[in-house]
Amino acid sequence: MLNFQSGPASRSEAQSGKSCNSLVALVLHIDDILIISPNMSLIDEFNFFLHTHLHLKDLGTL
């Protein structure tokens with residue numbers, strides 16, 4: 001089971017160029033989900049989690 005936790009975030013952290021290896025962002029539009037993260041293993045883990053709970057079609061990388 002994934003253990004996602006929210007952490008402190010601020011505009012200054014985003015602009016400072018600090019690494020965000022534990023960040024996963026979802027972009028949702030109608031029936032499309034785009035999973036974005038600098039950490040490919042987190043994308044794979046989240047994608048597996050979604051596939052175990054939903055019927056999805058993976059269209060691959062962009």
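Only the coordinates and a few stated rules stand behind these numbers; no lab work does. It should be emphasised that the depicted structure is a prediction, and the values quoted were computed from it without experimental measurement.
Can you work out ³J(HN,Hα) from phi for every residue in segment 30-35, in order, using Karplus 6.51 cos²θ - 1.76 cosθ + 1.60 and θ = phi - 60°, giving whole Hz and x for Gly and Pro?
In residue order, the calculated couplings are 6, 10, 10, 10, 10, 9 Hz.
How much length is gained if the chain between residue 31 and residue 56 is pulled fully straight, taking 0.36 nm per residue apart and subtracting their Cα-Cα distance, in nm to one decimal?
So the chain would gain 8.0 nm between residue 31 and residue 56.
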